[in-house]
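Colleague: Could you have a look at this structure, given as C-alpha cells, before my questions?
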Amino acid sequence: MIDYDDATVRFKALAHPVRLQILDMLRGGEICVCHMEAALGKRQAYISQQLMALRDAGLVESRKDGLQVFYRLVDDITADLLDAVLGPVEAGGLPVLESCPCPNCNS
C-alpha cells in the first residue's frame, strides 16, 4: 500500500532548489558541510537549515568527525527519483575546491 503522507514529505523536501542541489551532491557519497558551503556559495547557517529539513524528512544522516560534520543520502527511493529526474551521477568524484578546508580538498 502506498503511504501518501510519506511521499508528500519526500516531494516537499525535493521541492527546493538548494535542497535539490545538496541531494544531487550527496548522490556521489558523503560530503562535509564546509564543502557544500564552498560548492554552493551559501552561508553555513543556510546550508545547515536546508540539511535540517532533509534530515527531518528522513532523506539524509549526519556523522561528526572532530569539528567536521559529514552528510550522506540514506534514502534509496530518493536516490532513484534523483537519477530519474537529474540523470546518472557524474563520474569523477567530489571536485576539489580551493576555498574549502575539508579533508577531500586538502589531502
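Colleague: Per residue of the chain, what 222 nm ellipticity follows from adding -39500 (n - 2.57) for every DSSP H run with n ≥ 4, rounded to the nearest 500? Don't skip to the end; give the middle numbers.
Modeller: Values: 5 runs with 53 residues, N = 107.
About -15000 deg cm²/dmol.
Colleague: Out of G58, G87, G29, any idea which swings most in a Gaussian network model of the chain, alpha carbons joined below 10 Å?
Modeller: Highest fluctuation of the listed residues: G87.
Colleague: Largest first and in whole Å, what are the equivalent-ellipsoid semi-axes of the chain based on the Cα gyration tensor, each being the root of 5 times an eigenvalue? Mind showing how you got there, number by number?
Modeller: Working: eigenvalues 118, 46, 28 Å².
Equivalent ellipsoid of the chain: 24, 15, 12 Å, largest first.
Colleague: Rounded, prolate or oblate: which fits region 66-107, taking a ≥ b ≥ c as square roots of the Cα gyration tensor eigenvalues, rounded meaning a/c under 1.5, else prolate when a/b beats b/c? Can you show the working numbers first?
Modeller: Numbers: a/c = 3.73, a/b = 1.73, b/c = 2.16.
Since a/c reaches 1.5 but b/c is at least a/b, the shape of region 66-107 is classed as oblate.
Colleague: Would you mind counting up the charge near L26? Only other residues with Cβ under 15 Å from its Cβ, with Lys and Arg at +1 and Asp and Glu at -1. Numbers along the way, then the final one.
Modeller: Details: positive: R10, R19, R27, R55, R63, R72; negative: D24, E30, E37, E61, D75, D76, D80, D83, E90.
Summing Lys and Arg as +1 and Asp and Glu as -1 gives -3.
Bear in mind that the values in this text are calculations on the coordinates, not laboratory data. This structure is a prediction, so every number in the text was calculated from the model and none was measured. Methodologically, a virtual Cβ is constructed for each residue, glycine included, from the backbone with ideal geometry; neighbour enumeration extends over all protein chains shown.
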